[in-house]
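Scroll down for the structure; my scribbles are underneath it.
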Amino acid sequence: MKIIDKYILKTFAITFTTVFVILFFIFILQTIWLFIYDLAGRDLDLMLVVKFLLYGMPRIIPLVIPLSVLLASIMSFGNLAENYEFAAMKSAGISLQRAMKGLTIFIVVLSVTSFFFANNVIPYAEYKFINFRKNIAQRKPAMAIAEGQFSQIGLYSIKVDKKTGENGNHLTGVTIHKKSINGDGVRTVIKAKYGDLVSSENSNLLKLVLNDGFYYEDIIPNKWEDRKKIPFAKATFKKDIINMDLSILNGNQDNQSITNTSNMLNLSELNYTIDSLKKNYKRDVVSFADNVHQRSGVLNVNKSILPLKSESVKPDLLALLTTSEKLQILQFASSNVYSTLFSIESSKNELNMKQIAINDHLGAVYDKFVVAYACLLMFFIGAPLGAIIRKGGIGLPIVFAVVIFISFHFINTFGKRLAEENGIDPFLGSWLSSLILTPLAILLTYRATNDIGSFNLDVITVPFQNLMKRLFPTQN
């Protein structure tokens with residue numbers, strides 16, 4: 001490797017590392033903000049919080065790496081152009097293509113690494129992350145109940161005076177308000193001196209064992225005049241058990257989405273799953289068609305009794321029947337039609353959901369390649385753009401990088417959403433943003449490597465600089 005390649009690679013590597021660390025920290029803060037409900041006020045120890053964040057970190061890499069490459073490319077090549085280092089290279093016979101050669105090899109290696117990271121590390125981390133959220137209540141069920149205040153868990157509002165034990169499972173001074181299923185207020189109040197929370201990682205139920213307590217329950221009579229008496233029932237108990245659904249403690253988690261998410265699978269697993277989903281889809285289509293055919297009653301018609309000549313067919317078969325028979329036949333036919341239409345609609349919705357699942361898994365396959373290609377794409381947009389605008393630092397390059405990446409991310413999200421809803425092909429949905437921005441990368445690279453003019457940005461930058469000077473005058 002020649003000195004010029006080492007110098008450019010070193011310049012880019014330092015900028016890329018700095019930008020990556022800053023952006024990674026920003027996205028980590030966003031992750032904490034998104035899942036603050038799972039962390040705040042739940043009495044989790046430091047190790048559980050660290051595990052939660054470690055499992056959530058790999059999922060943000062596909063966003064951070066392309067943006068870091070784009071921003072580092074614009075800043076690095078913008079600094080080299082602004083300091084006339086590219087002019088010195090050209091005077092020595094070194095073209096921009098030659099200057100980009102060594103760095104291009106580095107970006108290719110980074111792209112391949114990103115692909116293997118997206119195919120192996122992210123699925124494993126996603127599996128751990130989602131199941132960690134799912135089992136966080138099983139690991140420490142007392143996290144959902146705070147001392148000295150009411151904590152809402154489904155229909156139960158629970159307050160404890162004190163929590164003891166290694167995991168806070170032993171409760172003292174338990175007060176429970178149970179809401180009515182109909183949602184018309186609290187009808188049952190339970191108080192107990194002691195309580196224990198019992199859970200298992202293999203069970204979705206949280207058991208609350210209460211000892212030495214009593215409860216009040218309002219009774220709603222059927223007669224309105226009896227309701228003015230406000231009757232209630234009171235009882236004491238030595239031991240009582242309340243079972244609660246653990247999924248409530250994890251927010252609005254959907255068990256089906258947890259077990260069937262495509263982000264937890266690598267390429268080989270995705271291909272196997274897609275093949276199974278497609279076979280299942282085709283089998284359901286054939287089964288649905290046979291079901292509709294049988295409902296039509298065509299199979300029950302005896303073809304031997306049908307007339308051979310169309311002239312002998314009577315124009316109105318209902319004319320041979322009585323009025324009551326006609327009514328019964330028409331009602332039966334109407335009921336059969338409505339039943340068939342309902343079956344068609346429900347089967348259509350079911351097949352649509354299965355097609356969405358197939359599209360989601362296909363999109364997950366293409367996303368692994370899109371991440372790798374995005375690194376190359378952002379480099380061939382950022383490097384020539386930095387050489388053209390000849391602006392380094394953290395001012396104008398950040399503006400260009402944010403605008404380009406937001407456009408890329410918005411188009412990518414829009415395309416994947418449209419593909420999931422079966423609006424377009426999953427391949428096109430995943431690659432839509434790359435296909436749109438690739439001509440821009442080719443155009444910028446062509447203009448930069450052939451010295452075909454530059455964009456005159458003084459119309460934008462000079463008024464902005466003058467405004468900043470007026471707002472923040474230099475202090476002598």
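Working with all protein chains in place, sort Ser199, Ser268 by solvent-accessible area computed with a 1.4 Å probe, largest first. Could the numbers behind the result be given before it?
Details: Ser199 40, Ser268 80 Å².
I get Ser268, Ser199, largest accessible area first.
Of the peptides 97-109, 340-352, how do they stack up when ordered by the mean number of other Cβ atoms within 10 Å, highest first? Walk me through the numbers on the way to the answer.
Details: 97-109: 16.5, 340-352: 12.2.
Per-residue Cβ counts within 10 Å, averaged per peptide and sorted highest first, yield 97-109, 340-352.
Any chance you could look up the accessible area of Met57 with a 1.4 Å probe, heavy atoms only, rounded to 10 Å²?
Surface accessible to solvent at Met57 totals approximately 50 Å².
Counting only the heavy atoms of the protein chains, how much of Leu9 is accessible to a 1.4 Å probe, in Å² to the nearest 10?
Number for this one is 40 Å².
Ranked from the most accessible area to the least, with a 1.4 Å probe and all protein chains present, what is the order of Ile394, Ile153, Ile4?
Values: Ile394 125, Ile153 5, Ile4 40 Å².
Order by accessible area, largest first: Ile394, Ile4, Ile153.
Express in whole angstrom the spacing between the alpha-carbon centres of segment 1-20 and segment 324-361.
64
Please calculate the 1.4 Å probe accessible area of Arg59, with all protein chains present, and give it to the nearest 10 Å².
80
In whole Hz and in residue order, list the ³J(HN,Hα) couplings for segment 332-346 that follow from phi through the Karplus curve 6.51 cos²θ - 1.76 cosθ + 1.60, θ = phi - 60°; x for Gly and Pro.
5, 5, 4, 5, 5, 5, 5, 5, 5, 4, 5, 5, 5, 5, 5
Where does the charge balance sit around Gly423 when Lys and Arg score +1, Asp and Glu -1, over other residues with C-beta under 13 Å from its C-beta?
Residues close to Gly423 contribute a combined charge of -1.
The values are calculated or read from the model by the stated rules, or taken from the named source; none is laboratory data. The structure presented is a predicted model; accordingly, all values stated were derived computationally and were not measured. Because the Cβ atoms are built from the backbone with ideal geometry, glycine has one as well, and the counts that use them run over all protein chains shown. Quick note on the areas: whole protein, heavy atoms, side chains included, nothing else; ligands and nucleic acids left out. Shrake-Rupley method; radii C 1.70, N 1.55, O 1.52, S 1.80 Å.
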